[in-house]
1. Which of the peptides 158-169, 104-115 is most tightly packed, and how do the rest follow, going by the mean number of other Cβ atoms within 10 Å of each residue?
2. Using the per-residue mean of other Cβ atoms lying within 10 Å as a proxy for protection, in what order, highest first, do the peptides 129-139, 54-64 fall?
3. Along the Cα→Cβ direction, 7 angstrom out, place labels at residue 191 and residue 205. What is the inter-label distance in nm?
4. Can you pull the one-decimal nm distance between simple spin-label points at residue 168 and residue 116, each 7 Å off the Cα toward Cβ?
C-alpha cells in the first residue's frame, strides 16, 4: 500500500514539474521565414539580345584622286572628288543590358549605284545605346573591296537613330574610310581617305531571355 501511494505521489510530482515546460514549448512561435529579396525594378535576366537590319543610301568625298577619277572638285591629285552614290545594307546583333551600352558586331555590304560596279563588305565592332525613341551608335571595322579590284582598308562610323515606331526608325550616319590602292610613279602604295554621309532605316528586334 505504501509503495503504491509513493508511486502515485512521484507521478503527480513529475507531471506538475513537466507541465510548465510543455506549456512554454507550446507557446513558442514557429521560426520566422527569411524575407525574400525584392526584385530590382530595372533588373533584367542575362541573355538579352538585340538584332538589327539596316538599309542606307549615301555618297562621299574622296580626299586623294591620283588617277583623276570622275567628278573632281579641284585641280590636282590631292584635291577633293566625289564618290559614286551607293546603297548600303547590313545586319547586326548586340548583347548587354537594354538600358546601358550594348556591344556586338555588324556586317555591312555597300554597292555602287552607278559607274564602276564596286562591292565592299565591312565586318565591324558595334557599340549601341538607346534612350526611349533615340539611339546613338559607333562602329569600327575593316572594309574589304571585292570588285573591281580586291583591296582593304579601315573604317569608323558614328550614327543616330530616331524610332518613330517601337522597332522601326530613321537613321543618319557619318563614315570615315582609308582604302589602300595601287601605286603610282610617285608612290608605291596609294591611300584613299573617304568621308561619307548616309541616310536610311533601322529595324530593331529584341530577343528576350
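Please treat every number below as a calculation from the coordinates, not as lab data. Here the structure is a predicted model, which means the values were calculated and not measured. Cβ atoms come from the backbone with ideal geometry, glycine included; neighbour counts cover every protein chain shown.
1. Values: 158-169: 14.7, 104-115: 16.2.
Final packing ranking: 104-115, 158-169.
2. Numbers: 129-139: 15.3, 54-64: 17.8.
Put in order of decreasing packing, that is 54-64, 129-139.
3. Placing both labels 7 Å beyond Cα along the Cβ direction yields 4.0 nm.
4. Taking the simple label geometry, residue 168 and residue 116 are separated by 3.8 nm.
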